[in-house]
1. Mind listing the phi-derived Karplus ³J(HN,Hα) values for region 34-41, rounded to whole Hz, using 6.51, -1.76 and 1.60 with θ = phi - 60°, and x for any glycine or proline?
2. Which order results if Leu68, Leu17 are arranged by neighbouring Cβ count within 10 Å, fewest first?
3. For helix 57-72, what angle does its Cα long axis make with the longest principal axis of the chain, in degrees from 0 to 90 and rounded to 10?
4. Which of the peptides 1-13, 47-59 is most tightly packed, and how do the rest follow, judged by the mean count of other Cβ atoms within 10 Å per residue?
5. Using the count of nearby Cβ atoms within 10 Å as a rough guide to exposure, how do Glu111, Glu60 rank from fewest to most?
6. Could you give the dipole magnitude of the chain about its Cα centre, charging the beta-carbon of Lys and Arg +1 and that of Asp and Glu -1, in debye to the nearest 20?
Amino acid sequence: MFATFGDQMAAGTMTALKLVGGYTPGKNIAIIGYGGAQEIVNEVKSGTVYATLGLYPVSESVLGIQYLYDALKGQPVPPVVGVINSGTRPAIIDQSFLSSHPSFVPDWTLEGNPG
């Protein structure tokens, strides 16, 4: 098991393991990312990466801007901007989730683009 602090680190880990040899992600070592980037979600689908934890910067930004707009207009806003939802934006993105939600689209890519 190799757990990372970011999907960028998961991508780097896969590159390093190829160079070092002896470990094959998805075969004799499980990699866990953190971020839910499109590229790592694709690796989860293929079985190379075990899972990634979901971060949703685009969704959070959209809600945050909407709540800011509402607050400036004097409307009530929730105290927490929460986007985690087991059906659409899960905390853990693994093959089980992706199998049952084939149309899932991550919020971002490793290049920083929206998903």
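1. Karplus values, whole Hz, x for Gly and Pro: 8, x, x, 5, 3, 4, 6, 4.
2. Going from least to most buried by this count: Leu68, Leu17.
3. 10 degrees
4. Top to bottom by mean Cβ count within 10 Å: 47-59, 1-13.
5. The most exposed by this proxy come first: Glu111, Glu60.
6. Rounded to the nearest 20 debye, it is 180 debye.
The numbers here are math on the coordinates, done by the rules we state, and not lab data. Computed from a predicted structure; not experimentally measured. With ideal geometry, Cβ positions are generated from the backbone for all residues, glycine too; neighbour counts draw on all protein chains shown.
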